[in-house]
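Visitor: Sharing a structure below in structure tokens format, with a few things to ask.
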Amino acid sequence: MGSRGAFVDVNSGNFSFIAGGQHYKSIGVLSNNPNVKIIVQDSSNVKAPEYSHTPERIYAVVKYGALKHVAYYDENHKQAISIDFAHAHKGVKPHRHIYMSHNKNDPGIPPTAEEKRLIKQIKKEFHLK
């Protein structure tokens, strides 16, 4: 699995990895939804990958046994929604970012009920904090 934005050119379908990027390791998929992949990156600042090799994938990003991000990708392999557990945004934790917007003026948006159910299932199945 490659790093955050580490593909050479997603738009042209070149999914070769750029050398020196953050790399993630897959530790499994959700039992009832193989499109939800659990990935780990424990060696530096962890952010959800900007792109996915698989369109419409969901990645749960784990660092040191804790869920850090749940990221949803669109049909063009690009991150559409990222749910961040590491810090509060405008008093909301966890909170959502839409299409990589991390503007400090964006409102703090909580996860939807459906996203909360998925988060609960991921944490339970993979024994995450």
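Visitor: First select every other residue whose beta carbon is under 14 angstrom from the beta carbon of Q121; then total the charges, Lys and Arg +1, Asp and Glu -1.
Guide: Value of the local net charge: +3.
Visitor: Right, here's the next one. Could you tell me the ratio Rg/Rh of the range 22-125? Both radii from Cα atoms, Rh via Kirkwood. Write down the numbers at each step before the final one.
Guide: Numbers: Rg = 12.8 Å, Rh = 13.8 Å.
Radius of gyration relative to Kirkwood radius: 0.93.
We did not get these values from a lab; they are worked out from the coordinates using the rules stated. Remember, it's a predicted structure, so these values are computed and weren't measured experimentally. Neighbour counts are summed over all protein chains in view; Cβ atoms, including those assigned to glycine, are modelled from backbone coordinates with ideal geometry.
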